Structures are given as structure tokens and as C-alpha cells.
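Before any comments, here is the structure.
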Amino acid sequence: MKYKYTYVGVVNRNVRLIRDVQEFMDYVRDIEKRWDMTNLLWFRGLSKEKYNLVPSIYRKDVWKYNPDDAKEIYTEFIRRGKAFFKPGQGGYSKREWYYVMQHYGVPTRLLDWTEGAMVGLYFAVRNLDRDFGVKATLYTLLLDTGKIN
């Protein structure tokens, strides 16, 4: 599995082949030691190296529709999804509908990230037994919260 990390603000790519979970955890601890604790680590595991950091709606092998159809699919998803609400129950905001769509596998412009290293690792390797020979990738984003806030 390839392991990549990127520092927001200054792009720093460090690609390393990880062979087992212990090596992965040692590498994560090494990153944590090298960076100030005001930084947060976010992880994104991808089962195929070719995906890079591209939302599913922009992947040619996932999104088989014209990107202009995205609004229609979003609207139709909400229309059908509202049938699952109880009468008088509030709905979701526009942003929350995107989260629900993402959860149910609808291609969106969102990228799922986690603060859990092992969760990111799971998503990177979960299909390796089925996709023998395919390289997985795990990205780590070092986020400087001082620059965002």
C-alpha cells in the first residue's frame, strides 16, 4: 500500500510503501512527532491508487452521467428521500442531503476524511483480497487549524 501525506499550505508529498499495520502505525506516530500538536491529522483511504483526491462525481469510471445531470439527481434523491420522514419530522439542510447522498453511494463532490488512522487504513485495504494486484493509497492531511480559524 502506498502512503501519502500532504501539508495544507505547503504541499509536501512523502510516498512510502507500507507492508503491515505495525509499520503503518509507526509511520503515523512519526508524522505526529514531527508536527506540532496544533495540527490535526485527517486520513483518506482509497482502494485504488489511480483515484487520487478526486470526488466520485468527477471519476470517469464512477460517474456515467453528464455532470450537468448532478442537480437533477440531487433533486430526485431529496424528493424520494423525504418519503422516509415521519409526518411533522424536520428535514435536512442542503449540505446534510449531500452527506446522506454520499453515505448511500451517490456520486457527489464530497471527499470523506477521518481523524482515525485505522479507519482510513480500512478504506484503503478493504477490497485488496478481491482486487489482487491493485495498489491502495492512504492520504494523510496535516491541517493547521490556526490558519483555518
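Quick note: the coordinates plus some simple rules give every number you see, no bench work behind them. Keep in mind the model is a prediction, meaning the values are calculated, not measured. Note that each Cβ is placed from the backbone with ideal geometry, even for glycine, and that neighbours are counted across all protein chains shown.
General observations
- Note on the range 55-110: with charges restricted to the Cβ of Lys and Arg (+1) and Asp and Glu (-1), its dipole about the Cα centre is near 140 debye.
- With the simple spin-label model, which puts each label point 7 Å out from Cα in the Cβ direction, the LYS60 to ARG109 separation comes to 2.2 nm.
- Calculated from backbone phi, Karplus (6.51, -1.76, 1.60) coupling profile of the range 99-104 in Hz, x at Gly/Pro: 4, 5, 4, 4, 4, 8
- Hull volume in cubic angstrom per residue (convex hull over the Cα atoms of the range 55-110): 75 Å³
- Förster-model FRET efficiency, 22 Å R0, ARG29 and TYR122, C-beta, rounded to 0.05: 0.75
- When the range 55-110 is described by a simple charge dipole with +1 on each Lys and Arg Cβ and -1 on each Asp and Glu Cβ, the residue from TYR104, PRO55, TYR92 located farthest towards its positive end is TYR92.
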